[in-house]
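Computed from the coordinates by the stated procedures, all read-outs in this text should not be read as laboratory data. Computed from a predicted model, the values in this text were never measured in an experiment. So basically every Cβ, Gly included, is an ideal-geometry build from the backbone, and we count neighbours across all protein chains shown.
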Amino acid sequence: MLFDKNHRIISPIDPALVEPITVACKAVDNWSTEEYARYEKVLADGKLVEFPFPIAKPNKEYTAEQSAILKSSRPLLEWIMSLPQYKGYKWIRGEVATLIPGVTLGWHKDPCWFHDNCVRLHVPIYTNEHCVQLWEGEEYHMELGNLYELNNRVMHSATNKGSTPRTHLILDIMSEEKWLHARMVDKVNPIALVDGPGDYYKAG
Ligand SMILES: [Fe+2]
């Protein structure tokens, strides 16, 4: 059963696991270049580096700057996937997402098949006190130093009203059992559905 609150803290995080990602992200001069663009209409003001999905896009090409960000995340990813509550979970998708100052994302529910079956995790890499996640009737600031779970299956958004960028590592993880069910019983074609533009790109 996926949790039905908007957010919760899963665990404190050893700062040494986050530090290399902070360094790699702070080396980015300009998040507004083409290589960090995103194309989903409601999220188009956000910036990201997307991991090559374990299930698709294994041969993406990255700049040296992007590679450094993804590689620096590995110890943190390994620690998260080793947590006892995620035994038997599979990493489905991941990104390092930045909100530059002044940006508010469009309101949306994350719409893909895997969003309905995944635990959505966030790790703040750097932030400021004017960055908040938004749900209908609630806003919430995520502090450095924690691993969070968020509900992205209801209407939500995020805003950065501060003067510095906000960067989070974001992961979607799913139980192997659900994964196998989706593939074998529901006949989901995960590669096509995760890779395909679908309605997500037309939303809003
Ligand atoms: Fe979302």
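What's the local net charge at Leu144, with K and R +1, D and E -1, over the other residues with C-beta under 14 Å away?
-2
How big, on average over all directions, is the shadow cast by the Cα convex hull of the range 7-185, in nm²? Don't jump to the answer; show the numbers that get you there.
Numbers: hull surface 40.6 nm².
Result: 10.1 nm².
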Label Glu143 and Lys41 with points 7 Å out from Cα along Cα→Cβ: what is the distance between them in nm? 4.0 nm
Projected label distance in nm at Lys187 and Asp14, using a 7 Å step from Cα toward the beta-carbon: 4.7 nm
Once the piece of chain linking Thr22 and Gln85 is laid out straight, how much longer is it, given 0.36 nm per residue of separation minus the C-alpha distance between them? 20.1 nm
Scan the chain and report its longest stretch carrying no GluC sites (Glu not before Pro) that are both in a DSSP loop and have at most 13 other Cβ atoms within 10 Å. 62-128
Computed ³J(HN,Hα) along the range 136-153: with the Karplus parameters 6.51/-1.76/1.60, θ = phi - 60°, integer Hz and x for glycine or proline, the list is 4, x, 8, 10, 8, 9, 9, 7, 4, x, 10, 9, 10, 10, 10, 9, 10, 9
Hey, what did the chain get for relative contact order, percent, Cα under 8 Å, at least 6 apart? 30 percent
Test of understanding: what is the full-extension gain from Trp113 to Lys71, defined as 0.36 nm times their sequence separation minus their Cα-Cα distance? 12.4 nm
What's the magnitude of the charge dipole for the chain around its Cα centre, counting Lys and Arg as +1 and Asp and Glu as -1 at the beta-carbon? Answer in Debye, nearest 20. 320 debye
Step through the residues of the range 170-181 one at a time and calculate ³J(HN,Hα) from phi using the Karplus curve (6.51 cos²θ - 1.76 cosθ + 1.60, θ = phi - 60°), rounding each to whole Hz and writing x for Gly and Pro. 10, 10, 10, 10, 9, 5, 4, 4, 5, 4, 5, 4
Quick check: pseudo-label points 7 Å beyond the Cα along Cα→Cβ at Thr63 and Leu180, how many nm apart are they? 4.3 nm
Let me test this: with uniform point scatterers at the alpha carbons of the range 8-105, what is the Debye-based log₁₀ I(q)/I(0) at q = 0.11, 0.15 1/Å? -0.38, -0.71
Where does each of 82-91, 163-172 land if you order them by average Cβ count within 10 Å, highest first? 163-172, 82-91
Taking a 23 Å limit on the Cα-Cα distance, which of the listed pairs Lys47/Lys178; Lys5/Lys47; Lys47/Lys109; Lys26/Lys90; Lys47/Lys71 fall beyond it? Lys47/Lys178; Lys5/Lys47; Lys26/Lys90
Projecting the Cα atoms of Cys112, Gly94, Ala68 onto the charge dipole of the range 7-185, where Lys and Arg contribute +1 and Asp and Glu -1 at Cβ, the residue farthest towards the positive end is Cys112
Among Gln85, Gly145, Met155, the residue whose Cα sits farthest towards the positive end of the charge dipole of the range 7-185 (+1 at Cβ of Lys and Arg, -1 at Cβ of Asp and Glu, taken about the Cα centre) is Gln85
